[in-house]
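One structure below.
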Amino acid sequence: MSDPRITSSIFTRGAVDLSALRAPAPTAAPVQAGPPAGAPGGAVGGVTVIDVTEATFQSEVLERSLTTPVVIDFWAEWCEPCKQLSPVLERLAVEGGGAWVLAKIDVDANPRLAQMFRVQGIPMVYAVVGGQPVDAFSGVVPEAQLKQWIQAVLKAGGVALTEPADPRLDEADDALMTGDLDAAERAYRKILADFPADAAAEAGLAQVGLARRVGGADPQGALAAAAANPDDVDAQLLAADIEVISGLAEQAYKRLVDTVRRTAGDDREKVRQHLIGLFSIAGPDDPAVATARRALASALF
């Protein structure tokens with residue numbers, strides 16, 4: 001499954017009617033903290049993971065979702081795929097630190113809930129925000145996609161959650177700092193395979209490219225060659241790289257914007273793409289990048 005979010009939501013078609021469940025009900029006791037279980041229903045993380053029944057559905061899901069997004073995990077003891085997905089959901093709920101709550105519903109013990117949610121196969125996962133289901137997916141999905149789905153649910157619930165640092169990024173950065181460019185590139189690309197828009201990994205990969213381009217170059221000689229040959233595109237690109245790695249990014253950006261003004265066709269596109277790659281090293285919030293982007297737009301149009 002490439003995207004666990006369903007594009008044509010069953011909720012917009014009125015497929016889930018929860019009105020019959022909106023009745024006063026006693027509050028269920030939260031699952032007590034304990035070691036992660038290999039099978040669904042294991043107690044982990046205190047109030048971040050709760051067992052829910054039809055009798056407690058209103059208080060533990062509908063009412064709770066008015067203030068905290070709730071993710072429902074429909075499972076059964078006999079379901080092997082559930083034993084793959086449920087422990088991951090439980091761990092992510094604990095790691096979320098209360099930003100969202102995982103509500104576990106045994107379909108065998110609560111067939112009416114499963115029927116009302118039109119559960120045709122398990123595992124089936126629903127998100128409830130503000131007392132209403134907002135999204136769902138079925139089956140086992142990769143953890144990276146599951147995290148993205150949860151982030152979307154939190155956004156829908158108005159929750160801002162800081163992602164924990166990715167240890168893979170630290171490993172990639174360490175490889176870059178020690179000069180193991182091949183290992184660094186592999187590590188950054190693995191992160192981008194899971195999270196294509198990860199700005200830190202994009203910046204790291206751009207730094208790998210920069211380090212390879214300037215490796216073995218004579219900085220002073222390269223800058224002198226660029227000054228003596230302003231129309232030599234490759235000389236200007238190398239000079240800009242050296243300026244960036246020397247802490248003179250603004251000077252490098254200006255050099256390449258000026259080169260864009262002097263070139264056309266394939267040469268102009270080559271310089272433009274090179275400049276965009278240098279922008280990614282600094283990041284979009286860098287004021288110098290914002291200024292250079294405006295200058296580039298002016299030079300192009």
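Under a Cβ-Cβ cut-off of 14 Å, what is the net charge of the residues other than Gly179 that fall near it, where Lys and Arg count +1 and Asp and Glu count -1? Taking every Cβ under 14 Å from that of Gly179, the sum is -4. Taking Lys and Arg as +1 and Asp and Glu as -1, the other residues whose beta-carbon sits under 11 Å from that of Ala201 total -3.
Each of Gly130, Asn110, Pro87 was placed along the dipole of segment 83-166 (beta-carbon charges, centred on the mean Cα), and the one lying farthest toward the positive end is Asn110. The calculated P(r) of segment 112-153, using every Cα pair and 10 Å bins from 0, goes 25, 53, 22, 0 in percent.
Remark: accessible surface ordering of Lys190, Lys155 (largest first) is Lys155, Lys190, probe radius 1.4 Å.
Note on segment 167-212 and segment 44-87: Cα centroid distance 37 Å, given to the nearest whole angstrom. Within the shell of other residues whose beta carbon sits under 13 angstrom from the beta carbon of Cys82, the net charge comes to -4, with Lys and Arg scored +1 and Asp and Glu -1. In order along segment 170-181, phi translates into HN-Hα couplings of 4, 5, 5, 4, 5, 5, 5, 5, 8, x, 8, 5 Hz, rounded to whole numbers, per the Karplus curve 6.51 cos²θ - 1.76 cosθ + 1.60 with θ = phi - 60° and x for Gly and Pro. Excluding same-chain neighbours fewer than eight residues apart, the lysines reachable from Lys254 by a Cα-Cα span under 24 Å are Lys270. Return the subset of Lys104/Lys190; Lys104/Lys147; Lys83/Lys190; Lys104/Lys155 for which the Cα-Cα distance in this structure is over 24 Å, preserving the input order. Long pairs (Cα-Cα over 24 Å): Lys104/Lys190; Lys83/Lys190.
Ordering of 48-60, 76-88 by packing is 48-60, 76-88, highest average first (other Cβ atoms within 10 Å, averaged per residue). Dipole orientation for segment 149-238: of the candidates Leu192, Leu181, Gln207, Leu192 has the Cα lying most toward the positive pole (charges on Cβ; Lys, Arg +1; Asp, Glu -1).
The values are calculated or read from the model by the stated rules, or taken from the named source; none is laboratory data. Just so it is clear, the model here is predicted, and its values are computed rather than measured. A quick note on method: Cβ atoms are made from the backbone with ideal geometry, for glycine too, and the neighbour counts reach across all protein chains shown. Accessible surface is based on the protein model in full, side chains and every heavy atom, while ligands, DNA and RNA are left aside. Shrake-Rupley method; radii C 1.70, N 1.55, O 1.52, S 1.80 Å.
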